[in-house]
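Q: Structure incoming, see below.
All of the numbers you see were taken from the coordinates with simple rules; none came from a lab. Since this is a predicted model, take the numbers as computed values, not measurements. Cβ placement follows ideal geometry from the backbone for every residue including glycine, while neighbour counts extend to all protein chains displayed.
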Amino acid sequence: MTQLLTPQPARHPNPIVKATALAHLIFERPDLALAERFLCDFGLKPCSKTDSALLPEKKKWEIFFKVQSKRPQYLKPGQMVEASIRSADGRVDLGMQRNRIAEEG
């Protein structure tokens, strides 16, 4: 028999519920490595693990915007954007629109 690595709860000989598969599992444990070993002892296997999965959604967006704001591909205040709408055959021409990027707020 396989040697289990974590302390196990007592098991009932005739369980009422028996899970055969889980699509997604969320729970709080202070030691995630120990929690993973515990679940693996029950035959579950992680399909993916990422460090970002440990961050709250709000923090992920804060990091995203901070990193993106430093990229030169994005428009900056003072830059000009020109947009025009025309049909390929030239029959429809709605003209050119010019907009200067303003500071936030």
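Q: Straight-line reach from residue 49: which lysines fall under 21 Å, measuring Cα to Cα and dropping same-chain residues less than 8 apart?
A: Of all the lysines, those that pass the test against residue 49 - Cα under 21 Å, at least 8 places apart if same chain - are 58, 59, 60.
Q: Could you tell me which residue out of 67, 96, 77 lies farthest along the dipole of segment 49-104 toward its positive end? Charges go on the beta carbon: Lys and Arg +1, Asp and Glu -1, centred on the Cα centre.
A: 67
Q: Write out the chymotrypsin sites (Phe, Trp or Tyr not before Pro) in segment 10-105 meeting two conditions: DSSP loop, and at most 14 other Cβ atoms within 10 Å of their Cβ.
A: Values: sites: 27, 38, 42, 61, 64, 65, 74; in loops: 27, 42, 74.
In loop regions of segment 10-105 (DSSP not H, G, I, E or B), the sparsely surrounded chymotrypsin sites (Phe, Trp or Tyr not before Pro) are 27, 42, 74.
Q: How much length is gained on full extension from residue 104 to residue 31, taking 0.36 nm per residue of separation minus their Cα-Cα distance? Provide the component values of the computation, followed by the final result.
A: Details: separation 73, 0.36 × 73 = 26.28 nm, distance 4.18 nm.
Stretched out fully, the residue 104 to residue 31 stretch lengthens by 22.1 nm.
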